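Undergrad: The following block contains the structure, expressed as structure tokens.
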Amino acid sequence: MSGMSKIVKTITSISIPFILIYGLYVIAHGHLTPGGGFQGGAIFASGLVMVLVAYGSVWTMEKIKEKNLTMLESLGAFCFILIAFLGLVFGTVFFNNYLVGSNSIFGTVPAAGSGLADINTAGVIPLMNFAVGLKVIAGLFAIVLVMAYAISKKEEK
Amino acid sequence: MNALEFFVVNSPIFAVAIPLLGAFLTPIFGMINDKLRNVFAIFIMIITTGIVFALSYDVVTNGIRTYIFGAQDLSLPVVRILFEVDAMSCFMAIISVILAVVALIYSWAFMKENTGLDKYYTLLLLMTTGMLGMELTGDMFNFFVFLEITSISSAALVAFWINRGKSVEAGFKYIVISTIGALFVLFSIALFYGQYNALNMAIIANSIQFTFLDKIALVLLIGALAMKAGIVPLHMWLPDAYSKAPSSVTLVLVAATQASLYGLLRLCFTIYGNMITLSPVSIGWLLVLFGIVTILLGVIMAIAQTDLKRLIAFAAVGEIGYMILGIGTGLVTMSPSISAAGLTALKGGIFHIMNDALDIGLMFLVAGAIFYATRETSLDRLGGLARNMKYTTAFFIIGLLAVSGLPPMNGFASKLLIYESTYQLNPILAIIAILASILLLAIFVKVLHSAFLGPALPRFNEVKEVPKSMLFAMAIIAGIIIVFGVFPDIIITNIVEPAANALVNNAGYISKILSLTGGA
Amino acid sequence: MIFNFPFIAVAALIIVGLYAVVFRKNLIKMIIGITIIESGVNLFLITLGYREGSIAPIYTSSPGGIMSLPVPQALTLTSIVIGVAVLALMLSLVIHIYRHYNTLDVRKIGGDEE
Amino acid sequence: MEKRSIAAILSFSVVAVFFMFTVLLIHPFGNPVSTEMDDDIISNAQTDTGANNAVTSVVFDYRGFDTLGEATVLFTAVAGVVMLFRRIKK
Amino acid sequence: MLPFESLLKTLQTGSGFWNPLVWIVAIIVALLVVLIIRGFGKKDYKKGTSQTQAFLSGNPEYDKERMHIKGSNVYWGFSEILNWIINLLKKMHTGNVSDYVLWFVIIIAILFLSIIIPAGAI
Amino acid sequence: MIDELIHFVIPLLIIIAAIVAILLRDLLASVIALAAMSLLLSLEFYILQAPDVAIAEAGVGACLTTAILVLAIKGTKRKEDEV
């Protein structure tokens, strides 16, 4: 895949920030509105796949190495399991939501029943959302990138 | 709470989380140094082994141990995920970790010349995590998730040698089969959820009514798990996957197959434990039938094979039949109430799970060693290897005696239990089982003759003994085989009998959870 | 009137997917069949959790009233991600199979002979 | 017709019939029979986890370990795909 | 530590028993008998001389490849008798994934019929 | 009434899309049909009051799955073999 025409590239570069920001929004507001790490990560990765389609896999592979992506994914997974372990250290058991009800970040509890809530709620859930989001972005994009690169390499031969 | 108590209380989660953490960190160590990565992976697995042994000791002495994720106490609608570890789970976990440690040690020299070893070690650790999760969990959906982890990592590892079409194809077959199986498992879980609004195994077992939908779920779960466990006629992926994977992977794959078998046992004895005997067609007789067919097909197909690894794979199918036969006999003879003969059969079946893992595992390791030394697995081209590979030959002979159930190896002890209990059920079954065992001996004597004995072939003059790490890995398993064979009673009273009792005692399994919630 | 029609759709999707796996000769078609089975199971889970006249289980500016069940939705999320992971691995294997055998016909690959 | 097709059609029809019975015998559409676990979650999710989205609180708190498993599945798949497309020594 | 007596315990199987240590003693006795018989053998047998070479009725020895009985030739007659069932079973292993899934569907159908119909639940 | 009709029509469309996806000979076309099925499934999830799952299904099922499948078809071949 050598990339598409200039028109496609321009339109992609204009529209890509909106998709990425929407993805990040979905990740960040996972505990308030529909969405979360997986959904936002999938949207973000879809935006990146658009870049891949427009600019070609060889170009993308030069900019973003597959090794970096897998590293990022390992980091996301590591953060996730680390947060779970912190529940064991600060709280009592693995996966304990030890931040909720405390006065630290994300510690407030929303009023019961329907209504608007602060983003500063839900304890470790937003942190986990970000860790999973990072992991899903890196993971899904790594899959598509590696497959696309391998296929384009094969076609060159 | 002192440190030891903290460790024991949290040991179920450490057993799963530590290999998982190791898998996440392996790529980072791989970037630094190859040897460091290998040492790290082995180190992680040895720690896990220690944890599993500590957990088993605790469970056998103090009874079932539970672990609640995310909270300390439980209220009656069980919303959280639970680990529920009884002696049976521990028994299977011990098999998994032993095989994983041996496979990691064996891989050191065996896989040395390949690229992509970072991912290889990561996937091997993930596979072990998946198996341990399947064996320790007490939640249906969690079981499904770990089943998927195990299948995906196994399928990728089966296809590790991507420059061979057959390996890739075997990996594809395995992933298709396991995905379809897992999807039907998920469907059955949804059926349970829709009726009882519960995902915990004990809660489901407590409230199960054996309605029409429960029977549908039972059939789908038996079918899917039997397919993953390699029971005839759903075994066909097994020879492909076993024979085309690298030998170290095959060793862990044996344990993965048995983890699915564990799921089948958990299903029959715990979830449907109260109800299974009410069915007019006894599930026990069904399992006995499956067992006999599996034994016969595995052994007869093994006679016809000319490829060493495929031959061992079919022998493995036969060995799976013995376990199913033992367990099925246990179910049949225990149908009105728990009887001594049924418990003996169950003990034989469960003990044979461990023995099969060790025996077949040793055979695959020997096959891998032959492949490493000669780059050849076809029996028509091998010959006279005993001259250059003395230790490997010795290990092969140990494995041969163990697989065919000859004393003083471990295979004899478990097969004796199975023969005697099936004889009480129906003598013909026992006779078939013994005949199949004799055939297994004949098959492996053929391998011994055509691969190791005979004149020294000129093309194998340069063959050398395999490296020390591979010999060490084989020696570990051979040592365990001999110890188990010479002192079977210790193993049976200390590990197997608690496992069999735990499996039968589903009331205890259920009441443990109910007592945690404050009910019952 | 509709008489469990979404549930019937689940059964139909599973049967259609199984049909594709068993009768279609093309490997990618088989994979599409597996995806369809998976969609059916996902739909089953969500349909199990639906309550008539309910709202989504989210409190943020919700109008109030009964809520549909949250657990099946969480399970389905997990199942969807597992599905895409399995799909990626299967397709990678198919690409490799194509490179070795130069065909996607399921009958032309495999077989016992070496 | 060959043997395979006959066996396939017979078994498919049996399985289809039983699946249809399954989906017809399950509770009527939109009226789950037992909902204790979910009602418990719906009423307690806000105070327990502080999240307004009950699904997120199930995903990351009540059944957080499943999510870890799911993340591991994705990790496994990425490792598998990267491994399958690695460069191999000739 | 395990007490020593427990090592010597017999494996009870409900209707019989098995004591591996007794068996090992028997094996050692048998080995001793074999060694004694071996002691009666010819003393003038030397390795490396022409005594050790094969004698094929005066014919020259074939090369090693032809002398070796290959894996598929061992038990030739035995597998010839079992040929009908082996061929039948080999036909079952088509190596086709669709067939593997079809077997799954067939088994599911059989289990449905054999478990659910007799119960009369429908 | 209109609710019931929607719960009837959308599953029906999903089934039709699935059948089309497996019957078409052109693999690319059948992948597009699969994407349509995923999108309809996502709509159905939304109607069944599961917006979380609907977003995930739209992002993963309709976009990434299609991308991976199209890549795989590009790496292999487009037409299903005759016979």
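Undergrad: I'd like the orientation of helix A:125-156 relative to chain A: the angle between its Cα long axis and the longest Cα principal axis, in ° from 0 to 90, rounded to 10.
TA: So the inclination is approximately 10 degrees.
Undergrad: Now a separate question. In the P(r) worked out for the range B:300-349, what percent of Cα pairs fall beyond 12 Å?
TA: 63
Undergrad: Something else about it: Classify chain F from the C-alpha gyration tensor, please: rounded if a/c falls under 1.5, else prolate or oblate depending on whether a/b exceeds b/c.
TA: Because a/c hits 1.5 or more and a/b fails to exceed b/c, chain F counts as oblate.
Undergrad: Can you compute 3J(HN,Hα) from phi for each residue in the range C:85-92, using the Karplus curve 6.51 cos²θ - 1.76 cosθ + 1.60 with θ = phi - 60°, rounded to whole Hz and x for Gly and Pro?
TA: 5, 4, 4, 4, 5, 4, 5, 4
Undergrad: To make sure I understand the rule: partners must be aspartates and glutamates, Cα under 18 Å from the Cα of residue C:108, and not fewer than 8 residues away in the same chain. Which ones qualify?
TA: B:169, B:240, E:99, F:80, F:81, F:82
Undergrad: Given 20 °C and 1.002 mPa s, how large is the Stokes-Einstein diffusion coefficient of the protein assembly as shown in µm²/s, with Rh as the Kirkwood radius over Cα pairs?
TA: Taking Rh from Cα pairs, D becomes 72 µm²/s.
Undergrad: Between residue B:207 and residue A:14, with labels modelled 7 Å along Cα→Cβ, what's the label distance in nm to one decimal, could you check?
TA: 5.6
Undergrad: Distance between the C-alpha centers of the range D:1-54 and the range C:34-75? Whole Å please.
TA: So the two Cα centres are separated by 12 Å.
Undergrad: Using each residue's phi in the range E:108-118, evaluate 6.51 cos²θ - 1.76 cosθ + 1.60 at θ = phi - 60° and report the 3J(HN,Hα) Karplus result to the nearest Hz, with x for Gly and Pro.
TA: Coupling constants for the range E:108-118: 4, 4, 5, 5, 4, 5, 7, 9, 8, 4, x Hz.
Undergrad: Also: For residue B:503, what charge total do you get from the other residues with a beta carbon under 9 Å from its beta carbon, if Lys and Arg give +1 and Asp and Glu give -1?
TA: 0
Undergrad: Now, a different point. Just tell me which aspartates and glutamates come within less than 20 Å, Cα to Cα, of residue E:47; anything on the same chain fewer than 8 places away is out.
TA: Partners within reach: E:61.
Undergrad: Which residue, A:36, A:76, A:87, tops the fluctuation ranking in a GNM of chain A built on C-alpha contacts under 10 Å?
TA: Among A:36, A:76, A:87, the largest GNM mean-square fluctuation belongs to A:87.
Undergrad: Across the range B:370-376, in residue order, what do the Karplus-derived ³J(HN,Hα) couplings come to in whole Hz, using 6.51 cos²θ - 1.76 cosθ + 1.60 with θ = phi - 60° and x for Gly and Pro?
TA: For the range B:370-376, the Karplus curve yields 4, 5, 4, 7, 10, 6, 8 Hz.
Undergrad: Which of rounded, prolate or oblate describes chain D when judged by the alpha-carbon gyration tensor and an a/c cut-off of 1.5?
TA: oblate
Undergrad: Heavy atoms of the protein only, probe of 1.4 Å, neighbouring chains included. What is the accessible area of residue C:38 in Å², nearest 10?
TA: Counting only protein heavy atoms, residue C:38 exposes about 30 Å² to solvent.
Undergrad: With a cut-off of 8 Å between alpha carbons and a minimum separation of six or more residues, what is the relative contact order of chain A in percent?
TA: Here the relative contact order equals 30 percent.
Undergrad: Given the whole protein assembly as supplied and a 1.4 Å probe, what does the accessible area of residue B:449 come to in Å², nearest 10?
TA: 60
Undergrad: Working with all protein chains in place, sort B:264, B:406 by solvent-accessible area computed with a 1.4 Å probe, largest first.
TA: These residues rank, largest area first, as B:406, B:264.
Undergrad: Suppose accessible area is computed on protein heavy atoms with a 1.4 Å probe; arrange C:99, E:38 from highest to lowest.
TA: E:38, C:99
Undergrad: A further question on this structure: With every protein chain present, what accessible area does residue B:196 have (1.4 Å probe, heavy atoms only), rounded to the nearest 10 Å²?
TA: 30
Undergrad: Work through the residues other than residue B:433 whose Cβ is under 12 Å from its Cβ and net out their charges, Lys, Arg +1 and Asp, Glu -1.
TA: -1
Undergrad: Please give the FRET efficiency for residue A:104 paired with residue A:59, using the beta carbon to beta carbon distance and R0 = 41 Å, rounded to the nearest 0.05.
TA: Between residue A:104 and residue A:59 the formula returns 0.40.
Undergrad: Go ahead and run the numbers for FRET between residue D:27 and residue C:66, Cβ-Cβ distance against an R0 of 22 Å, rounding to 0.05.
TA: Efficiency for this residue pair is about 0.90.
Undergrad: Which entries in the list B:347/E:91; B:35/F:77; A:67/B:468; B:228/B:512 go over 31 Å, if you measure between the two C-alpha atoms of each?
TA: B:347/E:91; B:35/F:77; A:67/B:468
Undergrad: Still on this structure: Count the net charge of all other residues whose Cβ sits under 10 Å from the Cβ of residue B:165, scoring Lys and Arg as +1 and Asp and Glu as -1.
TA: Net local charge, residue B:165 excluded: +3.
Undergrad: Rounded, prolate or oblate: pick one for chain A, where a ≥ b ≥ c are the square roots of the eigenvalues of its C-alpha gyration tensor, a/c under 1.5 means rounded, and failing that, prolate if a/b is larger than b/c, else oblate.
TA: Cα axes put chain A in the oblate bin.
Undergrad: Also, I was wondering about something else. Heavy atoms only, 1.4 Å probe, whole protein assembly: order B:244, B:35, C:29 by accessible area, highest first.
TA: Heavy-atom accessible area, descending, gives B:35, B:244, C:29.
Undergrad: Follow-up. Over chain B, calculate the relative contact order: mean separation of alpha carbon pairs under 8 Å at least 6 apart, over the residue count, as a percent.
TA: 16
The values are calculated or read from the model by the stated rules, or taken from the named source; none is laboratory data. Note that the structure is a prediction, hence the values are computed from the model and not measured. Methodologically, a virtual Cβ is constructed for each residue, glycine included, from the backbone with ideal geometry; neighbour enumeration extends over all protein chains shown. For the accessible areas, the whole protein counts, side chains as well, though only heavy atoms, and no ligand, DNA or RNA atoms are used. Shrake-Rupley method; radii C 1.70, N 1.55, O 1.52, S 1.80 Å.
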